[in-house]
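Q: Pasting a structure below so you can have a look.
The values are calculated or read from the model by the stated rules, or taken from the named source; none is laboratory data. These numbers were taken from a predicted model, which means no experiment stands behind them. Methodologically, a virtual Cβ is constructed for each residue, glycine included, from the backbone with ideal geometry; neighbour enumeration extends over all protein chains shown.
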Amino acid sequence: MEVDLFSTVRLGCIEMSNRVVMAPLTRNRVAEGGVPQQMNVTYYEQRASAGLIVTEATPISPMAHGYPGLPGIYTDEQVAGWRKVTDAVHAKGGKIVIQLWHVGRISHPSLLPNQVLPVAPSAIRPAGHAVTVEGLQEYVVPRALAVTELPAIVKDYVHAAQCAMRAGFDGVEIHAANGYLLDQFLRDGSNVRTDAYGGSVENRARLLLEVTQAVVDAIGAEKTGVRLSPVNPFNDMKDSHPQAIFNFVATQLNGFNLAYLHVVEGGIHGGGEAAPFDFAAFRKLYHGAYMANLAYDKARGNAAIASGHADCVAYGVPFIANPDLVARLKADAPLNEADSTTFYGGNAHGYTDYPFLSF
Ligand SMILES: Cc1cc2nc3c(=O)[nH]c(=O)nc-3n(C[C@H](O)[C@H](O)[C@H](O)COP(=O)(O)O)c2cc1C
């Protein structure tokens, strides 16, 4: 039988009933303290027919926050809140991993403990505005991390991964995409360091590879994925030679035998034009399971799987508006339109009230 979006697959130790993945989606609807509540449980439970859910990006420490209304995965209360989510998804036969996030420079003192400066590889202010509780405010010049501070950040990823295991997740996805801390280290538009973490591709990849190694050592490679976005310009990101750094990263990640590599294959969020990049060549360098993302529909998803380009396909916006996306794709049923005015923040409207298909 031909393999398609509706075929089973195993990523690491995660057995999926289909290859339609819910992409990570920040929704800014978590209460004070970053503890998921019933409304958040309902949202994920509604989407449990995905082969795999990747949660919204979730800060690994108080310094990792960069927007209001985010969850966390570093306190016992957060673990208990997430446990309700994972139990609900598992009860429906679904699988769920949590996306581990440190925002780096994409933050603001008003969102951080003691109003300190955001941290980054280099003291380079991103163009644009932080989303704060008081509204949009210009980004500030971040503080460049000292080499001696990096082991503590690696430890924060490990602690968060361990919290994720206690919360009942099937695994974790290390967020190294979309202009946040690990991506800021990878790309030379945000990393001009002259120490062992800047300059050459080996040096710029070092922090991601150290985090990956530490998380793999803590919870196992078969439960660990990594997300990259080689040419996404969102968050004022650029690189002088993206193919060189990301080809190197793909090659190095082969050594871990990860559950999967998740790739945003272009630019998102209207961040501008994505640089040219040979995704087919990059894909060939990676030998493990590959999760493709960006503007896939059913036909392109099936084609990517049939050709061997992807083992599974992540859908973002379609999952916001269609909790039963898998059933709709399977039946070639029409999709609900997503309302972008309710993407970030608010209440149950635009979150848990999108209609299911009625047969
Ligand atoms: C509302 C919204 C929130 C998002 N939040 C995240 C996030 O937390 N982590 C992440 O890696 N990508 C995030 N993304 C990007 C999506 O995961 C995905 O890459 C993007 O929507 C493209 O996929 P699509 O064309 O299927 O929607 C977000 C996108 C949207 C629209």
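Q: Quick check on region 114-131. Is at least one of its residues surrounded by fewer than 17 Cβ atoms within 10 Å (Cβ to Cβ) and closer than 23 Å to P36 by Cα?
A: Within region 114-131 (the criterion being surrounded by fewer than 17 Cβ atoms within 10 Å (Cβ to Cβ) and closer than 23 Å to P36 by Cα), the answer is no, since none of the residues qualifies.
Q: Further, regarding this structure: Return the residues of region 269-307 that are away from the ligand (no atom under 16 Å from the Cβ) and of a type in the set (S, T, Y); say none if nothing qualifies.
A: Y286, S307
Q: Quick check on V21: is it farther than 19 Å from A160 by Cα, assigned to a helix (DSSP H, G or I) and in contact with a strand residue (DSSP E or B) (Cβ under 8 Å, 6 or more places away or on another chain)?
A: no
Q: Taking the stated definitions as given, is H349 at pLDDT 95 or above, in contact with a Ser or Thr (Cβ under 9 Å, 6 or more places away or on another chain) and in a loop (DSSP other than H, G, I, E, B)?
A: Criteria met by H349.
Q: Within region 315-338, does at least one residue satisfy the condition of being of a type outside the set (K, R), away from the ligand (no atom under 12 Å from the Cβ) and under 29 Å from D239 (Cβ atoms)?
A: no
Q: Shifting gears a bit: If a residue has to be more than 30 Å from E77 (Cα to Cα), touching a Ser or Thr at 6+ places or on another chain (Cβ under 9 Å) and in a strand (DSSP E or B) to count, how many in region 138-172 make the cut?
A: Here the count works out to 1.
Q: Looking only at residues in region 284-311 that are within 20 Å of A331 (Cβ to Cβ) and part of a loop (DSSP other than H, G, I, E, B), which one is farthest from the chain's Cα centre (by Cα)?
A: If we take residues in region 284-311 being within 20 Å of A331 (Cβ to Cβ) and part of a loop (DSSP other than H, G, I, E, B), then D297 is farthest from the chain's Cα centre (by Cα).
Q: Separate question: Got at least one residue in region 264-280 being part of a helix (DSSP H, G or I) and under 16 Å from L228 (Cβ atoms)?
A: yes
Q: Let me ask you something else. Residues to consider are L261, L182, L207, L253; find the one that is within 16 Å of the ligand (Cβ to nearest atom), buried (at least 18 other Cβ atoms within 10 Å of the Cβ) and in a helix (DSSP H, G or I). Don't jump to the end; show me each part of the working.
A: Details: L261 fails: in a helix (DSSP H, G or I); L207 fails: within 16 Å of the ligand (Cβ to nearest atom); L253 fails: within 16 Å of the ligand (Cβ to nearest atom).
Answer to the check: L182.
Q: Something else now. Among the residues of region 216-234 satisfying the criterion of being within 16 Å of the ligand (Cβ to nearest atom) and of a type in the set (A, V, I, L, M), which is surrounded by the most Cβ atoms within 10 Å (Cβ to Cβ)?
A: V226
Q: Give G350, G301 a once-over and let me know the one that is on the phi > 0 side of the Ramachandran plot and not polar (S, T, N, Q).
A: Answer to the selection: G350.
Q: Looking at V192, V201 in this structure, which one is touching a helix residue (DSSP H, G or I) at 6+ places or on another chain (Cβ under 7 Å), aliphatic (A, V, I, L, M) and either in contact (Cβ under 8 Å) with a residue 40 or more places away in the chain or crowded, with 17+ Cβ neighbours inside 10 Å (or both)? I'd like the intermediate steps shown before the answer.
A: Numbers: V192 fails: touching a helix residue (DSSP H, G or I) at 6+ places or on another chain (Cβ under 7 Å).
The conditions single out V201.
Q: Same structure again: Any residue at all in region 10-17 that is more than 16 Å from the ligand (Cβ to nearest atom), surrounded by 19 or more Cβ atoms within 10 Å (Cβ to Cβ) and not hydrophobic (A, V, I, L, M, F, W, C)?
A: Residues of region 10-17 that are more than 16 Å from the ligand (Cβ to nearest atom), as a first pass: 10-17.
Checking which are surrounded by 19 or more Cβ atoms within 10 Å (Cβ to Cβ) leaves us with 11-12, 14, 16.
After this cut, where a residue has to be not hydrophobic (A, V, I, L, M, F, W, C) as well, the list is 12.
Yes, region 10-17 contains at least one residue that is more than 16 Å from the ligand (Cβ to nearest atom), surrounded by 19 or more Cβ atoms within 10 Å (Cβ to Cβ) and not hydrophobic (A, V, I, L, M, F, W, C).
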